[in-house]
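Only one structure is covered here, and it is reproduced in the block below.
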Amino acid sequence: MQQMLLKNSEPERLEALHQLGILNTNTSEYFDTITRLTMDMYKVGGSYISLLDSDRQWLKSTVGFCPPNTERDQTFCNYTIQQASVLVVEDTLLDARFVSNPMVTGPQAVRFYAGAPLITPEGYAIGALCIIDQQPRSLNEAEREQLASLAALVMSHITLGRAVGHVDSVSGLPNKYQLFEDLTTQARDNKGQYRVLATVDMPDAAKGFEIIRVLGAPMYDELIREVSARLTRLFEGRAAVYHLTDGRFSVLSQDENTADFVRYLHGLEPELQAPFNSLNIPMVLQTIGGIVEFDLCANSAKDAPRKAAAAINQALRQQQRWSHYSNTEDEKQKRAFRLLNDVRHGIANGHFELVYQPKHELISGACSSAEALLRWNHSELGPVSPAEFIPLIEKTALIGPLTHWVIRTAIQQLGAWHAEGNRIKVAINLSAYNFEEPDIVERLAATCREFGVDPRYVEIECTEGVWMESVAILKALQGIRDLGMSLALDDFGTGYSNFAYLQKVPATVVKVDQSLIRNVHTNPRDQRIVRSLIGLARELDYQVVAEGVETEQSLHMIRDWGCDIAQGYHFAKPLSADAFLAHAVQYRDSHVAIAA
């Protein structure tokens, strides 16, 4: 085999090694296959792949009895990388370089060593593929060439791993694909042991976008390289470091002492918060991290990256630097994800329905209006509370098609009632997302035309605050009023309660939130607030609706303060369309007044 000419610059050799991103990483199935094959071929006691840094030897794969990670000057391979050919030591006791080596004089009693250098395409020897035994022996020329060929396979895989996607091109660190491979190998080789996987955002996505926008992508790449170098230094000898995406990194502990590793993680905050100085611009990055301790079995190891990411999300929600994985929180998030994933299926298959909360006029007692409320009977999970699914859906674009279904269903029901001579009015809730849809006004108008409904019988509710300082939303609100629909400010009194902004909103109704009404009959503070809100709203010519009326005493109080309409369990729970109509007809015809 033709030998490559080695380059002898140590700084350049170290740079070539570090750029490969393979130092301080876990073992891999491919390399273990090579070392097992090598040991079997040569019938020796051990085989290993070594990588030589500035002062240490790192073992990438070991089979049989092998040396530990140790100081470089105590290794056989320190001599191997100084030549392009295979180094063979037939009897260590007869070689002055090794006769006093701890591997020779110690319990392992190595008497034979052979190592083929791992040479990069540029000509730098970064480590070696080695065999050792406790008996002296020799290698013929063919055996030496075979060992060199196996070393070339190892080097090709290392180089190929960087080229085809196992090493990040910016940071030089192993990426998420290498992490998955390493976890699989660890689960196979160390089954039953425990490890820690910690995932950190440095910087988080928002900060990263800001850096790119203000300073440019080259600055961001330089920052990522600085972060990578710091993490590699902090976890050297303790954990393998991986660059997953953008500013997200993971570290995988290398031994079973998980408690010590977790303590070490929590003690790193000063180091992690120290400024970076990319291109002479100091930057402090707020680190958010998720930690998971896991058993090295196949399923647990495979799921560890997802659990660490879930812990990061938990840290963000709880505004913490670090968060430990919680199965309870994870189950909540998985349920939330499933619910979001099933929304469209639920709409298409009739799993959503509307119920109607009766609204009573407090002077006459009549019921001629209702609030349309959404219910979800999930095909597998059963009834899902609106308090659970609506906040989830409101944060996504799914609120669009779901609200469109609500609008169409409610107005279609109105059309059916009106066709039978029942002039009922229905309130429909819209979110900020809906008000920003450019066609929302025309959608409402077209749906009313389709089902023959006078828009005056439709009331649109919006939560207080969604309209603040949004020109697009204010325009939509005015468009809704121009159709003839009434406009109600929902949950009034719990948010901004900024009456200066009310001048900009073409609302006709304010709804006092149920959190203020629920205990108004016993809570003096709530009484003062509710009385003031009702009084001021009436002074401004708003109709006032009270939500959450549950007691006769509360009803009399808000009636005496001037409230116009009330809804709540004191009158009825939300009802099906047929049950609501029966309720409305009963109170419409009898005009049962609220007793004084």
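The values are calculated or read from the model by the stated rules, or taken from the named source; none is laboratory data. Everything numeric in this text was worked out from a predicted model, so none of it was measured. A quick note on method: Cβ atoms are made from the backbone with ideal geometry, for glycine too, and the neighbour counts reach across all protein chains shown.
Going by the structure shown, is His166 within 31 Å of the chain's Cα centre (by Cα) and not acidic (Asp, Glu)? Answer is yes for this residue. Say whether the condition of being modelled with pLDDT under 90, in contact with an Asp or Glu (Cβ under 7 Å, 6 or more places away or on another chain) and either assigned by TED's automatic domain parsing to the domain that holds Gly45 or farther than 28 Å from Asn8 by Cβ (or both) is met by at least one residue in the range 152-168. So far as the range 152-168 goes, no, none of its residues is modelled with pLDDT under 90, in contact with an Asp or Glu (Cβ under 7 Å, 6 or more places away or on another chain) and either assigned by TED's automatic domain parsing to the domain that holds Gly45 or farther than 28 Å from Asn8 by Cβ (or both). Among the residues making up the range 69-121, those that are in a helix (DSSP H, G or I) and either hydrophobic (A, V, I, L, M, F, W, C) or closer than 27 Å to Leu20 by Cβ (or both) are Arg72, Asp73, Gln74, Cys77, Asn78, Tyr79, Thr80, Leu93, Leu94, Met103, Val104.
Against the conditions (1) of a type in the set (S, T, N, Q); (2) surrounded by 15 or more Cβ atoms within 10 Å (Cβ to Cβ); (3) assigned to a strand (DSSP E or B); (4) over 19 Å from the mean Cα position of the chain (by Cα), Ser323 satisfies every one except (4). The criterion of at least 3 residues that are in contact (Cβ under 8 Å) with a residue 24 or more places away in the chain and buried (at least 19 other Cβ atoms within 10 Å of the Cβ) is met, among helices (runs of 4 or more DSSP H) falling completely within the range 161-262, by 176-189, 217-234. Would you mind stating whether Ala142 is exposed (fewer than 15 other Cβ atoms within 10 Å of the Cβ), of a type outside the set (Asp, Glu) and not in a loop (DSSP other than H, G, I, E, B)? Yes: the conditions hold for Ala142.
Kindly establish whether Pro524 is in contact (Cβ under 8 Å) with a residue 12 or more places away in the chain and within 45 Å of the chain's Cα centre (by Cα). Answer is no for this residue. The strands (runs of 3 or more DSSP E) falling completely within the range 478-596 that include 2 or more residues that are assigned by TED's automatic domain parsing to the domain that holds Ala410 and at pLDDT below 90 map to 486-492.
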